[in-house]
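Data block below; observations after.
The values are calculated or read from the model by the stated rules, or taken from the named source; none is laboratory data. Not measured: the values here are computed from a predicted model. Please note: Cβ atoms are built from the backbone with ideal geometry, for glycine as well, and neighbour counts cover all protein chains shown.
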Amino acid sequence: MDTRDEIIQILEKKGSILQKDLWKELNIDSSKCSRILRKLEKEDIIRRLEVVVDGVKTFKIVPADAEIEEEKEEELSLQQIMERMEDLTGLPPCFGCKEFECEAQNCIKMEVWFLRRIRD
């Protein structure tokens, strides 16, 4: 079985996969994987959806006929999700902050959050 067929088989089994996970699973280098995926995309077999995972841009590989709703949902970055949670819950940015050594009195994010709250 060639790599192209393996990719199609993986998508049939999983439904979708991140490009960075795909080339690791196939044990090939990322540029070879990208070339094959571009060909499959031109043939309208797959779609590559740009997503941000842990702050890093990658592509989610889905069959060409995959639902568009999923595409919109997956395109949200962690930052966008945190901003929406903050807006919905009113929780301070420290709730999802990854800067563990941050001091609230010196935090720009906390200052902006506080100023927005007192203006509302």
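A single entry from Asp44, Asp5, Asp21 fulfils the requirement of being at pLDDT 90 or above, out of contact with any Leu (no Cβ under 6 Å at 6 or more places or on another chain) and at positive phi: Asp44.
With respect to (1) free of Cβ contacts under 8 Å to residues at least 40 places away in the same chain; (2) not in a loop (DSSP other than H, G, I, E, B), the lone exception for Met1 is condition (2).
Residues that are of a type outside the set (Lys, Arg) and more than 20 Å from Glu6 (Cα to Cα) were ranked within segment 35-57; the one that is surrounded by the most Cβ atoms within 10 Å (Cβ to Cβ) is Val51.
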